[in-house]
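One structure is given here, and the rest of the page talks about it.
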Amino acid sequence: MKLPYGYVLVGEEIAIHEERANNVRSIFEYYLAGASLGKIVDMLFAKGIASPTGSTKWTRAAVDKLLDNKKYIPIVGVDVYIDAQFERNRRCNVDYDKAGHPRKTTRYRSPALKAR
């Protein structure tokens with residue numbers, strides 16, 4: 001079993017790893033303050049905080065997945081987690097068609113194609 005970032009196994013109990021939990025709180029705090037996923041990645045790299053895989057640099061996908069994971073509610077609190085979900089939804093540029101399939105609201109066409 002792989003534990004989410006910010007948690008550690010102590011004996012047979014799952015506990016919060018305080019140092020990593022502070023990093024998780026910082027990620028949520030920066031995101032809610034308006035930082036993009038890329039800015040959060042840069043902030044983590046500047047502070048020398050290794051990714052969950054041990055890499056020196058986080059990916060935007062890893063930060064986005066962390067922000068979406070319900071398992072961080074005990075670390076950040078329900079209100080902060082819910083605020084982050086509303087913010088993620090507000091920033092999302094994906095729309096859904098009548099059949100419920102996701103699609104971007106703006107379609108881009110190659111300039112090489114002539115307007116039809």
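The values are calculated or read from the model by the stated rules, or taken from the named source; none is laboratory data. On a predicted model such as this, the values are computed, not experimentally measured, just so you know. Neighbour counts run over all protein chains shown; Cβ positions are idealised from the backbone, glycine included. What goes into the accessible areas is simple: the full protein's heavy atoms, side chains included, and nothing from ligands, DNA or RNA. Shrake-Rupley method; radii C 1.70, N 1.55, O 1.52, S 1.80 Å.
Among the residues of region 1-36, how many are among the hydrophobic types (A, V, I, L, M, F, W, C) and touching a Leu at 6+ places or on another chain (Cβ under 8 Å)?
7
Could you list all residues from region 3-36 that are aliphatic (A, V, I, L, M) and either part of a strand (DSSP E or B) or closer than 20 Å to Asn89 by Cα (or both)?
Once the filter is applied, which keeps residues that are aliphatic (A, V, I, L, M) and either part of a strand (DSSP E or B) or closer than 20 Å to Asn89 by Cα (or both), region 3-36 yields Val8, Leu9, Val10, Ile14, Ala15, Ile16, Val24, Ile27, Leu32, Ala33, Ala35.
Give the residues of region 15-25 that are open to solvent by 60 Å² or more (accessible area, probe 1.4 Å) and aliphatic (A, V, I, L, M), sorted by residue number.
Listed by number, the list holds a single entry, Ile16.
Mind counting the residues in region 26-79 that are within 17 Å of Gly6 (Cβ to Cβ), aliphatic (A, V, I, L, M) and surrounded by fewer than 12 Cβ atoms within 10 Å (Cβ to Cβ)?
Residues that pass the stated criteria total 1.
Give the residue, chosen from Gly54, Gly6, that is touching a helix residue (DSSP H, G or I) at 6+ places or on another chain (Cβ under 6 Å) and at pLDDT below 95.
On inspection, the qualifying residue turns out to be Gly6.
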